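The values are calculated or read from the model by the stated rules, or taken from the named source; none is laboratory data. Worth saying up front: this structure is predicted, and the values here are computed from it rather than measured. Neighbour counts run over all protein chains shown; Cβ positions are idealised from the backbone, glycine included.
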Amino acid sequence: MKPPRLLLPNAIAPAIALTLTLAIALGSAASSAFAETLTRYQATPASKVTVNGTSTIHDWKMEGKIIGGHFEIESNYPLETSAGKLPDLKVKSSAEVSIPVQSIKSGTKRMDEVMLEAMKQPEFPKITYKLTELSPRTGEHKSGDPLEFVSKGELTIAGVTRPVEMTVTVEKFDGNKLKVVGSTPIKMTNHGIKPPAPNIALGLIKVGDEVKVSFEWITARKMDAPK
């Protein structure tokens, strides 16, 4: 025998439906509110990246002026340089960065060709970075100085991704722009890159494994960023 089917009184069924509708609506509103707590800053053409390295002959440098991507940070975070002390909490933030390998130049055609080959540029045309955590440097902050943060993220070069931690400064200027500055040492071999030893100068040139990457990333609030 089939169990009797439970019939809800006419007054209860609409109440349940109304409750479910309100729950869904509130959930959507909460998600929208969270999404709206972050302000997006878009990359602008005024950025710069520098790679400094060594070799058996002389030190060398390469520079690029393209750093693409975006940076998001909670809208009410105190980014003014006049802030006396930053909140001792992880910052709600995200960032995705990309640099075309071919845009980084030494000023010497042969050296550029050697580095493009070493970095497997045809197969991996971009260097990418994804921020995973941003925390303020604790302690008092001197008014007027850029704000200091410890950043953690994932850096991908030549198709190999490695974690990277570095100190960066974030400075708000011109009302709607942010300048993010930082530097970090990187070993080529950690990203599967064999330090170049080009067959020139009697084969005496060998490039050091470790390089220092420095950057100055200029971003503008999305609504104001250049198209």
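What pairs come out if I take residues in the stretch 92-115 that are in a loop (DSSP other than H, G, I, E, B) and pair them with residues that are surrounded by 17 or more Cβ atoms within 10 Å (Cβ to Cβ) whose C-beta lies under 7 Å away, six or more apart or interchain?
Partner pairs satisfying both residue conditions: Ile104/Val49; Ile104/Val51; Ile104/Met62; Ile104/Gly64; Ser106/Trp60; Ser106/Met62.
State yes or no: is Val160 closer than 30 Å to Thr108 by Cβ, modelled with pLDDT of 95 or more, of a type outside the set (S, T, N, Q) and more than 13 Å from the chain's Cα centre (by Cα)? Talk me through it step by step, then tell me what you get.
On the way: closer than 30 Å to Thr108 by Cβ: yes; modelled with pLDDT of 95 or more: yes; of a type outside the set (S, T, N, Q): yes; more than 13 Å from the chain's Cα centre (by Cα): yes.
Criteria met by Val160.
Can you tell me which residue in the stretch 62-86 is modelled with the lowest pLDDT, limited to those that are surrounded by fewer than 16 Cβ atoms within 10 Å (Cβ to Cβ) and polar (S, T, N, Q)?
Within the stretch 62-86, the match that is modelled with the lowest pLDDT is Ser82.
Residues in the stretch 197-227 that are farther than 29 Å from Val170 by Cα and modelled with pLDDT of 90 or more: how many?
Residues of the stretch 197-227 that are farther than 29 Å from Val170 by Cα, as a first pass: 197-209.
From what is left, the residues that are modelled with pLDDT of 90 or more are 207-209.
The qualifying residues number 3.
Residue-wise test of (1) within 15 Å of Phe215 (Cα to Cα); (2) out of contact with any Asp or Glu (no Cβ under 7 Å at 6 or more places or on another chain); (3) without any contact (Cβ under 8 Å) to a residue 24 or more places away in the chain.
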site	(1), (2), (3)
Leu155	yes, yes, no
Ala158	no, yes, no
Glu171	yes, yes, no
Asp174	no, yes, yes
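Regarding Ile186, is this residue β-branched (Val, Ile, Thr), without any contact (Cβ under 8 Å) to a residue 40 or more places away in the chain, touching a His at 6+ places or on another chain (Cβ under 8 Å) and farther than 25 Å from Ser82 by Cβ?
No.
All but one of (1) surrounded by 15 or more Cβ atoms within 10 Å (Cβ to Cβ); (2) more than 27 Å from Leu178 (Cα to Cα) hold for Asp59; which doesn't?
Status for Asp59: all satisfied but (1).
Among the candidates Lys120, Lys179, which residue alone is closer than 21 Å to Ile73 by Cβ and either buried (at least 17 other Cβ atoms within 10 Å of the Cβ) or not β-branched (Val, Ile, Thr) (or both)?
Values: Lys120 fails: closer than 21 Å to Ile73 by Cβ.
Result of the check over Lys120, Lys179: Lys179.
Modelled with pLDDT of 95 or more, surrounded by 14 or more Cβ atoms within 10 Å (Cβ to Cβ) and either of a type in the set (A, V, I, L, M) or part of a strand (DSSP E or B) (or both): is that true of Thr184 in this structure?
yes
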